[in-house]
Structure formats: structure tokens, C-alpha cells
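What follows is a short report on a single structure.
The values are calculated or read from the model by the stated rules, or taken from the named source; none is laboratory data. Note that the structure is predicted; figures quoted are calculated from it, not measured. Note: ideal-geometry Cβ built from the backbone for every residue, glycine included; neighbour counts use all protein chains shown.
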Amino acid sequence: MAHDYTYDSKGNVVVDNTGLPIINTALIPVGSVLPTTYGGLRNEFSYKDFNLSFLIDYNYGNKILSATSYYTIYRGLNKMTLAGRETGIITGVTAGGSANTVAADAEDYYQRLSGISKLNVLNGDYIKLRQVTLGYTLSEKALVHIPVFRTIELSLVGRNLLTLMKHSDNIDPEAAFSSNVMYAGIEGTSLPSARTFGINANFKFKSGPASKATTY
């Protein structure tokens, strides 16, 4: 639920006597915080002792109420706030229906816009390259002279590598204000997910004459 502009019968934005848009105090529905479609695609390739796998996941159909959008508009940090800084902004119609001729100060105008919360409701769709793993396996044949290990698997792992598609400017669409379900769909100026890299080692030990493998 969000606040919108006040419109006249013709769909024009209504402004007050200072040229600033009038915020409609009634809340209107603008979407759901829950995605309608989500999932992922994982694939793995192997060649001799090498393996390469990747995971792509996606999320569609939800909306995000963005505090980052609010503050960047209010404080003049959003690219949209560059317009009208020198000349002021003339827009909309008066309550009587005539064209507005009063130029609003740009700072006042964008601070007023920041309170029209519909402008801060962003599209939460995204597709991400979530993980890539490149591994190499030292086989039992390669470890024949080492009596302890049956195989050793070494992997390089990268997570949160790339956002392939998103429609939410200036934020990570997964960024959340809190893990509490009460705040689902609210982005609260938090940092995006970190890109991480690591090394994974998997050892399989020989255990007895039957050469049964145990993974640790």
C-alpha cells in the first residue's frame, strides 16, 4: 500500500499554490511483496578429472518499498533530482483545473516527491549468477602411493558473482530491512550481498582392506 499524487478528473497532477504536488492521503494497492515465480537452474560439466558447475536463480512478480529511493530523492542524490535545479519546476494543474504557472523550488519539489511513496515502490524482479564452482579431483590412481587418501577433490567457489538482470535502480533487489517477516518487501538502505570466493577441499579416506571411502 502506498501514497500517490492527487489527480484531477482528467488525470493531471494537482499542485498547491506553491507549485508542489499534493500527496493523496489515501493508500492504494501497488503490488505484493511475495514473488509469483521463483526458482533456479543448476548445471554441471565434467571432463576427465575437472568439473565445472554453475547456479543461476531468478525471482519475478514482487514489489519492494525502497528507503534508498526515498532518501536519495529527498537529499538530492538521485539522478532524477538534477532536473530543474537552475530554473525550478513547473508542473501539473491547480485545484481549479487551470495550468500551473508557479515554478517550485527544486529542493522543495523533490522533498515533496519523496513522500509520494508510490515512487519508491520498485520492481523486485532479478536473475543472478549465484554460484560458480571449478573443481579438480585427484583420483585413487593418482594417489596410489599415498595410503591414507582414496580421492581428494579441490574446488574454487565463487558466490553472488553477477546480477544478470534487475529493474530496481541503485539497490540490490534482495536487500532487506530485517529478517523479521513483518518487514518483508522493505529495503532499508542496507548493503548489497557480498561477492565471496573460497576454496573447498573434500577428502575421502581409505578404510580397511575393502577400501571403503569415508567423506569428511
- Is there a residue being within 29 Å of Pro192 (Cβ to Cβ) and without any contact (Cβ under 8 Å) to a residue 40 or more places away in the chain anywhere in the stretch 62-73? no
- Is there a residue in the stretch 189-205 that is β-branched (Val, Ile, Thr), on the phi < 0 side of the Ramachandran plot, surrounded by 14 or more Cβ atoms within 10 Å (Cβ to Cβ) and not in a helix (DSSP H, G or I)? no
- Item | Pairs, first of a type in the set (D, E, K, R) in the stretch 119-146, second modelled with pLDDT under 95 and crowded, with 18+ Cβ neighbours inside 10 Å, C-beta under 6 Å, six or more apart | Glu140/Arg150; Glu140/Thr151
- Given (1) assigned to a loop (DSSP other than H, G, I, E, B); (2) surrounded by fewer than 16 Cβ atoms within 10 Å (Cβ to Cβ), index of the condition Phe177 fails: (2)
- Residue check, Val14 against (1) closer than 28 Å to Ile89 by Cα; (2) outside any strand (DSSP E or B), all met but one. Which one? (2)
- Residue satisfying all of: in the stretch 77-131; under 22 Å from the mean Cα position of the chain (by Cα) and of a type in the set (A, V, I, L, M, F, W, C); surrounded by the fewest Cβ atoms within 10 Å (Cβ to Cβ) among these: Leu77
- Ala95 vs. criteria in contact with a strand residue (DSSP E or B) (Cβ under 7 Å, 6 or more places away or on another chain), of a type outside the set (Lys, Arg) and under 30 Å from Phe177 (Cβ atoms): no
- Output the residues belonging to the stretch 114-140 that are assigned to a strand (DSSP E or B) and among the small types (Gly, Ala, Ser). Gly135
- Can you name the residue in the stretch 140-160 that is among the aliphatic types (A, V, I, L, M) and within 15 Å of Phe205 (Cα to Cα) and is also modelled with the highest pLDDT among such residues? Leu154
- Meets criteria (assigned to a strand (DSSP E or B) and in contact with an Asp or Glu (Cβ under 8 Å, 6 or more places away or on another chain)) for Arg159: no
- Item | Output for the stretch 39-66, where each listed residue is surrounded by 14 or more Cβ atoms within 10 Å (Cβ to Cβ), hydroxyl-bearing (Ser, Thr, Tyr) and under 22 Å from Thr133 (Cβ atoms) | Ser53, Tyr58
